[in-house]
Structures are given as structure tokens and as C-alpha cells.
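Trainee: If you scroll down you'll find the structure; I have some questions about it.
The values are calculated or read from the model by the stated rules, or taken from the named source; none is laboratory data. Bear in mind that the values here come from a model prediction, so they are computed numbers and not experimental data. Cβ atoms come from the backbone with ideal geometry, glycine included; neighbour counts cover every protein chain shown.
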């Protein structure tokens, strides 16, 4: 198995690609930040559910994709903002709105991962992880 330099980007790409390929579910190796991103995507209605399975090195996150009645994926696109080579930090007032409120931004704050709207409301800035729409 290849060593990934950006496992968060790999997870977000798998979310988008599962929708394009119309896969009902997919799995990714587990990490706490990927589980938190999956939690946010579930709370915001972009995926049906996620589940952590296995133990130790075999631990994985199984994600069930969500589609419209016409069979199109709910996740249209994903943009990874902060990367390992270039971190992007924003103040609470500078958190971007995605597609005029039709998408979400994911921000890593001092109180954990949350959506941009929630961080703005609590006046928290942090690392801008991704934009999802």
C-alpha cells in the first residue's frame, strides 16, 4: 500500500468519486480527523452514515453515499484548501461562504472540527480544511 502525503485529500476525493461512480458505500483507513469530517458530512446531509469498523491497523471508516431521487450524488464537488505544503488559516470573519450558502466549509478550530457557519457564530477562526458543495 502506498504512503499518502495527504490522507484528508484522499478521503475527500473518495467521497466525490463514490458519488460520480454511484457507489453506495466505500471505506477508507481510519483516523480521528477523517471520522470528524465524516461526522460533519453526515450532520449536514452530504452522506447517509459512516461507521468505524475493525481494530488496530485494520480500523476503517465505512461511508454510505447519499444520492438524489434522480440518482445524482449530493456531493457535487470538494475542494481541499489547507494542504500539508501550505496551511491556510482564517479569522472567523474571513471564513468563506460556499456557493452562497449552498455548500459548507470545514474549519479546524481550537474547539475541534466544525462547519464554517458554526465557527463564525462562535467567533472562532482556525485552519480552513475544505469546501464541500
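Trainee: Quick one: which of 31, 27, 82, 49 is in the same structural domain as residue 126 (by TED's automatic domain parsing) and at pLDDT 95 or above?
Mentor: Only one candidate qualifies: 82.
Trainee: Can you name the number of the only condition in (1) more than 19 Å from residue 126 (Cβ to Cβ); (2) surrounded by 11 or more Cβ atoms within 10 Å (Cβ to Cβ); (3) over 13 Å from the mean Cα position of the chain (by Cα) that residue 77 fails?
Mentor: Status for residue 77: all satisfied but (3).
Trainee: Can you tell me which residues in the stretch 85-125 are closer than 17 Å to residue 9 by Cα, in contact with a helix residue (DSSP H, G or I) (Cβ under 9 Å, 6 or more places away or on another chain) and not in a strand (DSSP E or B)?
Mentor: Matches in the stretch 85-125: none.
Trainee: For the stretch 49-73, what are the residues that are outside any loop (DSSP other than H, G, I, E, B) and within 12 Å of residue 19 (Cβ to Cβ)? Break it down stepwise before answering.
Mentor: Taking the stretch 49-73 as the starting set, the residues that turn out to be outside any loop (DSSP other than H, G, I, E, B) are 49-53, 56-58, 60-65, 67, 73.
The answer is 63, 64, 65, 67, 73.
Trainee: Search the stretch 11-38 for residues being without any contact (Cβ under 8 Å) to a residue 12 or more places away in the chain and within 24 Å of residue 133 (Cβ to Cβ), and hand back the single one that is nearest to the chain's Cα centre (by Cα).
Mentor: 17
Trainee: Another question, then. On the given criteria, is residue 8 in contact with a helix residue (DSSP H, G or I) (Cβ under 8 Å, 6 or more places away or on another chain) and closer than 19 Å to residue 131 by Cα?
Mentor: Numbers: in contact with a helix residue (DSSP H, G or I) (Cβ under 8 Å, 6 or more places away or on another chain): yes; closer than 19 Å to residue 131 by Cα: yes.
Judged against the criteria, residue 8 is a match.
Trainee: Let me ask something else. Could you figure out which of (1) over 17 Å from residue 37 (Cβ atoms); (2) surrounded by 14 or more Cβ atoms within 10 Å (Cβ to Cβ); (3) out of contact with any strand residue (DSSP E or B) (no Cβ under 6 Å at 6 or more places or on another chain) isn't true of residue 57?
Mentor: (2)
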